[in-house]
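Below is one structure, written out as C-alpha cells; the observations come after it.
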Amino acid sequence: MAIWSSLARSVQVSAQFNSLVRNPVLLNAAKNALVQNRTMSGGHGPKMFTITPSRFQWHKFKDMFHMYVMIGAIPILAVVFYANVFIGPAQLTETPEDYVPKHWEYYKHPITRFIARYVLENPQQEYEKMLHHLYEENEKAQMLALEAKVRAKMAERHDYQSYYYRPAIGKYHRVAKEAAEQLDSIQGD
C-alpha cells in the first residue's frame with residue numbers, strides 16, 4: 001500500500017512541476033536572469049545597456065592559443081620553407097669505394113636527415129642493444145634451467161643443500177697441508 005501511495009504522490013508532484021515549467025512568466029524571468037537590459041536614461045533618450053555574463057576566460061584562452069600557435073608555427077614553418085627551398089632533397093651520387101655512408105645519409109629530405117642524425121639513435125646501435133638484451137635474457141633462462149635441473153636431481157637423490165660448506169681455495173689448502181706434514185715430521189710417532 002505504501003508503494004501505491006508514493007507513486008500517486010510522485011505523479012502529483014510531476015504534474016505541478018510541469019505546470020510551473022510551462023508557465024510563460026517563469027520562462028521570461030529565467031531568460032532575463034541571464035541577460036538583463038538596463039535603461040541608461042541620462043536625458044538623452046532610451047539607450048539600452050545589455051548586461052551579459054563575462055567572456056573574459058574565452059578571450060584570454062583565444063589570445064593565449066594564438067600566441068603559442070604563432071610561437072610554435074612561425075619558426076617551424078620558416079625552417080621547413082628554408083629546407084625545402086634553399087637546401088632541397090638529397091641527390092644520388094657515386095660514392096668512393098672506401099667510403100662507408102653514415103646512417104643519416106640514407107634519407108632524402110634534409111629535415112629527416114637532421115632528425116636521424118641528432119635526435120634518433122643509430123639503428124645499428126639499437127640493433128646491438130637489442131641483441132645484448134636477448135643475450136642477457138637467454139643467459140637468465142639457461143641459469144634458471146640449470147637451477148631447475150639441480151633441484152630435480154636433489155629431489156631425486158634425496159639430497160639437501162649444505163649451507164655450512166665453504167669451498168677450499170687450493171693455495172691455502174696446499175700451505176695448510178705442507179704445515180701439517182712439517183709438524184708430523186718434527187713430532188714423529
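Each value in this text was obtained by applying a stated rule to the coordinates, not by laboratory testing. Every value quoted in this text rests on a predicted model; they were computed, and no experiment measured them. Note: ideal-geometry Cβ built from the backbone for every residue, glycine included; neighbour counts use all protein chains shown.
Structure values in brief
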{"quantity": "Charge tally in the Cβ shell below 13 Å around residue 135, where Lys, Arg are +1 and Asp, Glu are -1, residue 135 excluded", "calculated": "-2"}
{"quantity": "Lysine pair number, Cα distance threshold 23 Å (strictly under), the range 65-189, separation 8 or more or different chains", "calculated": "4"}
{"quantity": "Calculated over the range 60-168: convex hull of Cα atoms, volume per residue (Å³)", "calculated": "315"}
{"quantity": "Coordinate range along principal axes, alpha carbons of the range 93-152, Å, largest first", "calculated": "64, 27, 13"}
